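The block underneath contains the structure these notes are about, expressed in structure tokens.
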Amino acid sequence: MNSGGHLSIFMSGIRLEKIVKTFPGMKRPALNDINFTVQSGEFIVLLGPSGCGKTTLLKMVNRLYEPTSGDILIDGESIFNGMDVTELRRRIGYVIQQIGLFPHMTVAQNIAVVPHLLKWPEGKTNERVDRLLDMVALPPDEYRERYPAQMSGGQQQRVGVARALAGDPGVILMDEPFGAIDAITRTDLQDALLRLQRRLRKTILFVTHDVDEALRLADKIVVLHEGRLVQFDTPLKILTEPKNDFVTELVGADDVVRQLGLVRVEKVMAPLSAHVPTKNLIHRDKSLRAALSELVKSKADYLTVSDGSQRPLGFITFDNIRDAIG
Amino acid sequence: MSLAQETWAYALGHLDELQQATLDHLLLVTSALLISLFVCIPLGVWTSRSRGTANFVINGINGVRVIPSLAILFLMVPYMGVGLDTAVVALTILAMPPILVNTDAAFRTIDPAVKEAAAGMGMTPRQILFKVEFPLALPVILTGIRTASTEVIASATLAAFIGSGGLGLFVQRGYAMYRPSILFVGAIPVALLTLAAEILLSSLQRVIQPPTAAKTA
């Protein structure tokens, strides 16, 4: 077992092999022969209607549920063979819909739980707490000593995310983390999560039944239906090449205008080539619909994609958009 | 001489005895409370985790509640004789129900999401119990202790009737001699002790209660 702050280097990819889960007294397995591999640093969304098994699957990765058969490997090592459960969980961040902050602890104490379990020195833990609060846009001076009950739901879940990141885990599990939060705050939190992930490159498994959220956040989506894996693909592929009627209906693949609103510019932009001068900047997180609108308005033949600074990342044209969605 | 003056004079005249009686009273009360805590807190944690045990144990203990305190004291005499031990056992039986019932309720009502988060973060069951569940249950357990201590401080007065001393001595004596002033020398300190315990425990409760309302620090 490795120790200290470099866990993320060791822990990364996840592989699920032939996962089956049958709950006692149930005829149909809750999960049936689930196989997929997640690369280190990928943001994977488990998507499906309620009862499809997505939460059960997620909770197997930190062993809150045990599979009936099958194996889960993290960085090539089975989590069921000789690995201590609490040790495993301390190396995996965990965020739940009900947030579950400890009401008797301050924000700082909540975030410091895993560092304490990992026996980090006090100075390092304090620094970490402040840095994480900064990362989730809660100024430490103002929020460190607050209690959860003194914050809004959105702020509490920011703390929830910070707490999950505290031990610097390589893997983060998120179980409908924004499900109970109002729509406007939810968008804020999604943006914040995307920004964080761009910096931290954690391997994230994120459960949701909200298709828009899945398409917005995911590098790849696992579509589950009645305990089976239906499709494992990028958001764009899921929209443009849905595997069956269930997926088509789930993501509304027939509705092109809606799709334009859900796919981020950075997912379809063309790489930067030397001869293209920078003009008409658009942020990488903007939707294709925004890009299209901008192209029409500006009468330009392309837009330069940026990350908010002046640094160009790529460019996007009418053709890119048409090819991606059409 | 007025009743108050008479009471005051009697108290001044029996200071040593009063002091001893107060100490005996406190000894009775604290022993009974401590034994109840040692028995009922672990028992309450246990019952909170299993429905079946809870029904059995809690109904059993609640059954004891309907027996009047005086009856419990006298019921013990044939088995244990008279004296301090008997009184402590009887008072312990009185103190147990509120502590057990509140401990059980406190642990039962902890938000399951909080426990799941704790487990998911890699706390051991022991760490979850002591770092999460106990601190959260404590305010409710304290309410039980408050109820129990009020009951025990008052009932300990009756212990004098089975020969175990305490402030009940004066009550008993005053009653036997038809002298209310002597009775008050016992009754007033009992009332003061009850008040003191109430104030002490409720302020303790305020200190350990985590903030629940959305107030800005």
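The values are calculated or read from the model by the stated rules, or taken from the named source; none is laboratory data. Quantities reported herein were computed from a predicted structural model and do not represent experimental measurements. Ideal geometry is used to build each Cβ from the backbone, glycine not excepted, and the neighbour counts take in all protein chains shown. The area values use the complete protein model at the heavy-atom level, side chains included, leaving out ligands, DNA and RNA. Shrake-Rupley method; radii C 1.70, N 1.55, O 1.52, S 1.80 Å.
With a Förster radius of 41 Å applied to the beta-carbon distance between residue A:122 and residue A:15, the computed FRET efficiency rounds to 0.65. Just the Kirkwood number for the protein assembly as shown, please: inverse of mean 1/r across all distinct Cα pairs, in Å, one decimal. By the Kirkwood definition, the hydrodynamic radius is 28.0 Å.
In this label model, residue A:219 and residue B:85 are separated by 7.3 nm, measuring between points 7 Å along each Cα→Cβ vector. Taking the dipole about the Cα centre of the protein assembly as shown, with the C-beta of Lys and Arg at +1 and of Asp and Glu at -1, give me whichever of B:15, A:114, B:73 is farthest to the positive side. Value computed over the given set: A:114. When the Gaussian network model of chain B links Cα atoms closer than 10 Å, the mean-square fluctuations of B:20, B:127, B:172 top out at B:127. Dimensions of the range B:144-197 from C-alpha coordinates, computed as largest minus smallest value along each principal axis and given longest first, are 37, 21, 12 Å.
Rounded to whole Å and ordered largest first, report the semi-axes of the equivalent ellipsoid of the range B:30-107 derived from its Cα gyration tensor (root of 5λ). Listed largest to smallest, the semi-axes of the range B:30-107 are 25, 13, 9 Å. Using the alpha carbons alone, the radius of gyration of the range B:81-146 stands to its Kirkwood radius in an Rg to Rh ratio of 1.20. Backbone phi angles across the range A:55-70, fed through the Karplus curve with coefficients 6.51, -1.76 and 1.60 (θ = phi - 60°), yield HN-Hα couplings of 5, 4, 4, 4, 6, 7, 5, 9, 6, 6, 10, 9, x, 5, 8, x Hz in residue order; Gly and Pro are listed as x. For residue A:282, nonlocal amide neighbours, meaning residues 5 or more places apart or on other chains whose placed amide H falls under 5 Å from its own, are A:304, A:305, A:306.
Report, in listed order, any pair from A:279/A:299; A:59/A:243; A:243/A:286; A:220/B:115; A:59/A:119; A:202/A:286 with a Cα-Cα distance greater than 20 Å.
A:59/A:243; A:243/A:286; A:220/B:115; A:59/A:119; A:202/A:286, as the Cα separations exceed 20 Å there.
With distances taken between every two different alpha-carbon atoms, the range A:201-264 has a Kirkwood hydrodynamic radius of 12.0 Å.
Ordering B:171, B:150, B:114 by Cα displacement along the dipole of chain B toward the positive end leaves B:114 in first place; charges were set at the Cβ atoms of Lys, Arg (+1) and Asp, Glu (-1). When only Cα pairs below 8 angstrom with a gap of at least 6 residues are kept, the range A:182-256 shows a relative contact order of 18 percent. Buried surface for the A/B pair, taken as the accessible area of each chain alone minus that of the pair with a 1.4 Å probe, is close to 2000 Å² in total. Extension gain, residue A:142 to residue A:188, is 14.6 nm, computed as 0.36 nm per intervening residue step minus the present C-alpha separation.
Max-minus-min Cα coordinates of the range A:88-160 on each principal axis give 30, 26, 22 Å, with the largest extent listed first. Estimated from helices alone, the mean residue ellipticity of chain A at 222 nm is -10000 deg cm²/dmol (sum of -39500 (n - 2.57) over DSSP H runs with n ≥ 4, per residue).
Once the 1.4 Å probe is applied to the protein heavy atoms, the range B:37-166 comes out at 43 Å² accessible per residue. Taken over the range A:1-131, the convex hull of the Cα atoms encloses 142 Å³ per residue.
This model, with +1 at the C-beta of Lys and Arg and -1 at the C-beta of Asp and Glu, gives the range A:120-177 a dipole about its Cα centre of some 40 debye. Taken about its Cα centre, the protein assembly as shown carries a charge dipole of about 560 debye when Lys and Arg each add +1 at the Cβ and Asp and Glu each add -1 at the Cβ. Restricting to Cα pairs below 8 Å that are 6+ residues apart, what does the relative contact order work out to for chain B? Please round to a whole percent. The normalised contact order for chain B reaches 27 percent.
Under the rule a/c < 1.5 gives rounded, and otherwise a/b versus b/c splits prolate from oblate, where does the range A:52-194 land using the Cα gyration tensor?
Taking the square roots of the gyration eigenvalues as a ≥ b ≥ c, the range A:52-194 is oblate.
Inside 10 Å of the C-beta atoms of A:97-109, what's the mean count of C-beta atoms belonging to other chains? Mean inter-chain Cβ contacts per residue within 10 Å come to 5. Accessible area of residue B:46 (1.4 Å probe, protein heavy atoms only, ligands and nucleic acids ignored): about 140 Å². 3J(HN,Hα) couplings calculated from phi for the range B:11-27 with the Karplus curve 6.51 cos²θ - 1.76 cosθ + 1.60 (θ = phi - 60°) are, in sequence order, 4, 4, x, 10, 4, 4, 5, 4, 4, 4, 5, 5, 4, 4, 4, 4, 4 Hz; Gly and Pro show x. Let me know the shape class of the range A:266-326, please: from the alpha-carbon gyration tensor, a ≥ b ≥ c as square roots of the eigenvalues, rounded when a/c is under 1.5, otherwise prolate if a/b is greater than b/c, or oblate. Rounded.
Could you work out what % of the accessible surface of chain A is carbon and sulfur, using a 1.4 angstrom probe and leaving DNA, RNA and ligands out of the count? Heavy-atom surface of chain A belonging to carbon and sulfur, 1.4 Å probe: 49 percent. Computed with the Debye formula from one identical point scatterer per Cα of the range B:7-152, without solvent, the log10 of I(q)/I(0) at q = 0.08, 0.12, 0.16 Å⁻¹ comes to -0.31, -0.61, -0.89.
In the context of the full set of protein chains, chain A has a per residue accessible area of 44 Å² (1.4 Å probe). Considering only A:196, A:180, A:259, and ranking their Cα positions along the charge dipole of the protein assembly as shown that arises from unit charges at the beta-carbon of Lys, Arg, Asp and Glu, the one farthest toward the positive end is A:259.
Cα gyration tensor of the range A:123-206, axes a ≥ b ≥ c as square roots of the eigenvalues: rounded (a/c below 1.5), prolate (a/b > b/c) or oblate? Walk me through the numbers before you get to the answer.
Numbers: a/c = 1.74, a/b = 1.06, b/c = 1.64.
Oblate is the answer for the range A:123-206, as a/c is 1.5 or above yet b/c matches or exceeds a/b.
Measuring nothing but protein heavy atoms, the accessible surface of the range B:33-160 at 1.4 Å probe radius is 72 percent carbon and sulfur. Debye sum, Cα scatterers, the range A:127-273, no solvent: what log₁₀ I/I(0) at q = 0.14, 0.17, 0.19 1/Å? Treating every Cα as an identical point scatterer, log10 I(q)/I(0) equals -0.76, -1.03, -1.19. Its Cα gyration tensor gives the range B:66-214 an equivalent ellipsoid. The semi-axes, each the square root of 5 times an eigenvalue, are 40, 18, 10 Å from largest down.
Close amide-amide hydrogen proximity is noted between residue A:172 and A:93, A:203, A:204, A:205, each under 5 Å apart and 5 or more residues distant or on a separate chain (H modeled in the peptide plane; Pro and chain starts excluded).
Among A:279, A:297, A:220, the largest mean-square fluctuation in a Gaussian network model of chain A (Cα springs under 10 Å) belongs to A:297. In summary, the range A:220-326 shows an alpha-carbon radius of gyration equal to 1.19 times the 2.2 N^0.38 Å reference for compact globular proteins.
Rg/Rh for the range A:62-129 stands at 1.05; both radii use Cα atoms, and Rh follows the Kirkwood definition.
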